[in-house]
Amino acid sequence: MKRRAIVAGGSLGGLFAANLLRGLGWEVDVYEKVGDDLAARGAGIGTHTGLLAVLAGLGITLDERLGITAGDRVCVDPSGGELYRCPWAHTMSAWANVYRPLKDRFPKEHYHFNKSFASFSQGEKDIEVKFEDGSAAEGDLLIGADGLRSAVRAQLFPGLEPAYAGYVAWRSIVDENAISAATRRRLGREYWFVLPPGEMMLAYQVPSKDPVAEPGRRDWNYVWYRPVTDGELRDISTDASGRHHALGIPPPLLRADVTARIKDDARRLLAPQLAEIVERSQPFFQAIYDVESPRLASGRVVLLGDAAFVARPHVGMGVTKAALDAFCLSKSLEENDFQKALARYDSLRTEFGRRCVARARRLGAYIEARSRPGRAWTPEQLDQRPERVMNEVARALGDIPELAMEV
Ligand SMILES: Cc1cc2nc3c(=O)[nH]c(=O)nc-3n(C[C@H](O)[C@H](O)[C@H](O)COP(=O)(O)OP(=O)(O)OC[C@H]3O[C@@H](n4cnc5c(N)ncnc54)[C@H](O)[C@@H]3O)c2cc1C
């Protein structure tokens, strides 16, 4: 009889797992909380070789004509003067380039929008999942791929909450045509860094959100990490009516004084060509969190992607980690009996996740230190020299010895 997997969360992690398990002959159903297509959600993503290999195994070739290979990494001071330059040539693809073929490859009738996982109960022979709308599903395995605020993780490990890192990422995407011609020439194709004390701002070109629908359109993407104390976070997460949004304020509800302040700060702290990108954008922010699950398999439940571990974005491999988690799970199930497979998955991916989180924490320590000055920070943690930061942020997976692990 066919084995049956229930996947909670239909973003990239869930879709990788769903497609790979179907390839092993499993029946798979994906249940996604939101009501419609997710293609417009993402921005650019770095294309690590591990990600490309998992996609290739599914018969998906990332169309590199739809990607952008950035030029050198360049760090500038607030006047625009060059401080440090290193060659890079990393290809940025669009989130939709990965989502679209994974979604199209999976049978529509087994992908269920508007279905929010609520709880599970497991016996020796199967697992039952209940959804918020009162419906239920049964299977052999539940895969929690439901992201940062995973409800599957919450049931497995009650009380385990994402830990706020002490800083936020201000970010946005700007159509390159919205930027003046002179600034566009100055920006070229480089991957820019500005490192105000205790901060990190980077900007690079990405393909448009849906490169298939809008071929050739390029955007500038920026991410600006800034220390923000708990009290300040509460303030910027409070809308004009006084309502506090603890799980993240929706961008349209950001107060005008908060976005005006970020644009003022950009003019003061960033090089003029980068300040112009911020000026032309509608900035929003995401608080940065660490999540570490104590283990990734328990009975008939596994966690993967951001539901399992969330590393600060400096490692630049959230999507690759999700793809490799799914690959490891399917390889383990292919080569072992059920319980041994889950044990193998648990031991390999828990260790990888821990190492990822530790590395990302190290890369962000100098930013966190600004909002938590009372802690004992070592000089190495506070080191924000451009050559250190620029050679480590979003480095290729194969060049990081501590992450070179069996999958
Ligand atoms: C500022 C920032 C920059 C980043 N930059 C990069 C980058 O350059 N490269 C990169 O690789 N990664 C990057 N990441 C990380 C990347 O976005 C994530 O690691 C990746 O999206 C993880 O995928 P996932 O499928 O595990 O989780 P998600 O994409 O978060 O998907 C979880 C899904 O589960 C659904 N869901 C939630 N609750 C339920 C429920 N109860 N029932 C059913 N469904 C549910 C959600 O709607 C969602 O679709 C960045 C992250 C941040 C914050």
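Report the semi-axes of the equivalent ellipsoid for region 47-161 in whole Å, largest first, where each axis is √(5λ) for an eigenvalue λ of the Cα gyration tensor.
On the way: eigenvalues 330, 89, 33 Å².
For region 47-161, the semi-axes come out at 41, 21, 13 Å.
Among DSSP bridges having both ends in the chain, what percentage is antiparallel? Round to the nearest 5.
Of the beta bridges lying entirely in the chain, close to 75 percent run antiparallel.
Counting Lys and Arg as +1 and Asp and Glu as -1, each charge on the Cβ, what is the dipole of the chain about the Cα centre in debye, to the nearest 20?
Numbers: 54 positive and 54 negative charges, 100 e Å.
It works out to roughly 480 debye.
Could you bin all the Cα-Cα distances of region 305-407 into 5 Å bins starting at 0 and give me the percent of pairs in each, rounded to whole numbers?
2, 12, 20, 20, 15, 12, 8, 5, 4, 2, 0
Angle between the Cα long axis of helix 95-105 and the longest principal axis of the chain, 0 to 90 degrees, nearest 10?
With both axes taken from Cα atoms, the answer is about 20 degrees.
Tell me, what HN-Hα J-couplings in whole Hz come from the Karplus equation 6.51 cos²θ - 1.76 cosθ + 1.60 at θ = phi - 60° for each residue of region 182-198, using x for Gly and Pro?
Per residue, the Karplus-derived 3J(HN,Hα) values read 5, 5, 4, 5, 5, 6, x, 10, 5, 10, 8, 10, 10, 10, x, x, x Hz.
Long-range amide H contacts for A43: which residues qualify at under 5 Å (H placed 1.01 Å from N, peptide plane, sequence gap of 5 or more or a different chain)?
Amide H neighbours of A43: W95.
Work out how far the C-alpha atoms of the chain reach from end to end along every principal axis, then list the three figures in whole Å, largest first.
Result for the chain: principal-axis Cα extents of 67, 46, 43 Å.
First obtain the Kirkwood hydrodynamic radius of region 226-273 from its Cα pairs, then insert it into the Stokes-Einstein equation at 10 °C and 1.306 mPa s, and state the resulting D in µm² per second as a whole number.
135
By how many nm would the segment from D72 to A178 lengthen if fully extended, with 0.36 nm per residue of separation less the alpha-carbon distance?
Contour length minus the Cα-Cα distance gives 35.8 nm.
Can you tell me the mean projection area, over all orientations, of the convex hull of region 187-313's alpha carbons? Units nm², please.
If you wrap the Cα atoms of region 187-313 in a convex hull and average its projections, you get 11.3 nm².
Could you calculate the FRET efficiency of E161 with E402 from 1/(1 + (r/R0)^6), where r is the beta carbon distance between them and R0 is 25 Å, rounded to 0.05? All intermediate terms of the calculation are to be shown ahead of the outcome.
On the way: r = 26 Å, r/R0 = 1.05.
The calculated FRET efficiency here is 0.40.
Alpha carbon centre of region 133-170 versus region 369-407: separation in Å?
When both Cα centres are located, 27 Å separates them.
Counting other beta carbons within 10 Å of each residue's own, what order do K321, K340, K263, K125 fall into, fewest first? It would help to have the intermediate numbers written out before the result.
Numbers: K321 27, K340 12, K263 15, K125 8.
Result, fewest neighbours first: K125, K340, K263, K321.
Output wanted: per-residue J couplings in Hz (rounded whole) for region 298-304, from phi through Karplus 6.51 cos²θ - 1.76 cosθ + 1.60, θ = phi - 60°, x for Gly and Pro.
8, x, 9, 10, 10, 10, 8
Kindly provide the helix-only [θ] at 222 nm of the chain, computed as the sum of -39,500 (n - 2.57) over DSSP H runs of four or more divided by all residues, to the nearest 500 deg cm²/dmol?
-10000 deg cm²/dmol
What are the principal axis extents of the Cα atoms in region 126-251, in Å, biggest first?
Answer, in whole Å and largest first: 62, 42, 29 Å.
Any read-out appearing in this document is the output of simple, stated calculations on the displayed coordinates, not a laboratory observation. Just so it is clear, the structure is predicted and the values come from calculations on it, not from any experiment. Note: ideal-geometry Cβ built from the backbone for every residue, glycine included; neighbour counts use all protein chains shown.
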